[in-house]
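The values are calculated or read from the model by the stated rules, or taken from the named source; none is laboratory data. Bear in mind the structure is a predicted one, so any value in this text is a computation, not a measurement. Methodologically, a virtual Cβ is constructed for each residue, glycine included, from the backbone with ideal geometry; neighbour enumeration extends over all protein chains shown. The area values use the complete protein model at the heavy-atom level, side chains included, leaving out ligands, DNA and RNA. Shrake-Rupley method; radii C 1.70, N 1.55, O 1.52, S 1.80 Å.
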Amino acid sequence: MATVITGAANGLGAATARRFARLGAKLVLGDIDDAGGQALAAALGCEFRHCDVTNEADVEAIVAASVEVYGSLDCMINNAGQLGALGGIGEIPLDAWNRTISVLLTSVFLGTKHAARVMGRGGSIINTASVGGIAPLAPHAYTAAKHGVVGLTRSAASELAVDGIRVNAVAPGSVPSRMTELAYGDVAAMEAVSKARNPLGTIVSADEIAGCFAYLAGPDARNITGQVITVDSGLTDLRLNADYYRKKADYFGRDGVEG
Ligand SMILES: NC(=O)c1ccc[n+]([C@@H]2O[C@H](COP(=O)([O-])OP(=O)(O)OC[C@H]3O[C@@H](n4cnc5c(N)ncnc54)[C@H](O)[C@@H]3O)[C@@H](O)[C@H]2O)c1
């Protein structure tokens, strides 16, 4: 399976590259971190291309590289990202807003556009969304962009189904990475917050996200398209009711009998 992964030099992208390499995929890794991307590609025995996902020519070129080197593009993973613009709505400079939307959302448009063009009939496009694409759990621009990723995933899936191209997204909760270090100060702080607020009380790992990508890329997911799989230890859907049941256990006893 010829696969392009953007933002592959670090974090979730690197974990996905390692997982796909173990599964025998033929990989083209893309990133603006050339040193990190080249080192990983050398370790995995695959291709690396410098690819700034905000630059259409770079995105078109990395897709073309898969076709040139491996003869096809079977799976496109639009993963590159950053935390982007921070601050209150009255403070965010327009250029910081535009840059965030460009890295997180326009990149997914470009990756989907060029992947679909070369895939022809059949393929899998998978986008990295976020719990911030489902609920307001992140800074404004990030939240808006990731909600856009969810919308574009569903919209593109509806058009490309006729060509047998599936389009899905994975929405991770907080995963230890450079991005979460920036968001929380350090990984230990992120893990403490996650353990306290996640209904399962667990930390999501990059390798688990990679496993979800692998599932969506594989034959068991051949009837799955237009979906967003949330991997967040129960945070977005269950948090409020889970809190209720935690309290209920204190008041009523774990057997559920009032008294
Ligand atoms: N870590 C989390 O908790 C978490 C949660 C939800 C979603 N995500 C998403 O996962 C994806 C990967 O994030 P991560 O946590 O692995 O962060 P990371 O910082 O470890 O990795 C991001 C990678 O993207 C690359 N990148 C940044 N801008 C780029 C650009 N313009 N062109 C190409 N590459 C670029 C970076 O160089 C880096 O290698 C992002 O889309 C992020 O929004 C992360």
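Residues are listed down the side, and each one gets a yes or a no for (1) under 12 Å from the mean Cα position of the chain (by Cα); (2) more than 21 Å from ASN98 (Cα to Cα):
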residue	(1), (2)
THR112	no, no
ARG117	no, yes
GLY122	no, yes
SER130	yes, no
GLY133	yes, no
PRO139	no, no
THR143	no, no
LYS146	yes, no
Please specify each residue of segment 31-55 satisfying the condition of being within 12 Å of the ligand (Cβ to nearest atom) and charged (D, E, K, R).
-> ASP31, ASP33, ASP34, ARG49, ASP52
Within segment 146-181, track down each residue that is of a type in the set (Val, Ile, Thr) and either in a strand (DSSP E or B) or open to solvent by less than 70 Å² (accessible area, probe 1.4 Å) (or both).
-> VAL149, VAL150, THR153, ILE165, VAL167, VAL170, VAL175, THR180
Residues satisfying the stated conditions in segment 69-86, i.e. more than 9 Å from the ligand (Cβ to nearest atom) and under 23 Å from the mean Cα position of the chain (by Cα) | SER72, LEU73, ASP74, CYS75, MET76, ILE77, ALA85, LEU86
Output for segment 1-27, where each listed residue is open to solvent by less than 10 Å² (accessible area, probe 1.4 Å) and away from the ligand (no atom under 13 Å from the Cβ) | ALA2, THR3, PHE20, LEU27
Would you say ALA210 is assigned to a helix (DSSP H, G or I) and more than 10 Å from the ligand (Cβ to nearest atom)?
-> yes
Count, please, the residues in segment 167-210 that happen to be touching a strand residue (DSSP E or B) at 6+ places or on another chain (Cβ under 9 Å) and either without any contact (Cβ under 8 Å) to a residue 12 or more places away in the chain or within 21 Å of GLY111 (Cβ to Cβ) (or both).
-> 9
Pick from segment 28-60 the residues that are touching a strand residue (DSSP E or B) at 6+ places or on another chain (Cβ under 6 Å) and under 27 Å from ASN98 (Cβ atoms): which of them is most open to solvent (accessible area, probe 1.4 Å)?
-> ARG49
TYR184 versus (1) within 10 Å of the ligand (Cβ to nearest atom); (2) within 21 Å of ASP33 (Cα to Cα); (3) surrounded by fewer than 20 Cβ atoms within 10 Å (Cβ to Cβ): which is the lone unmet condition?
-> (2)
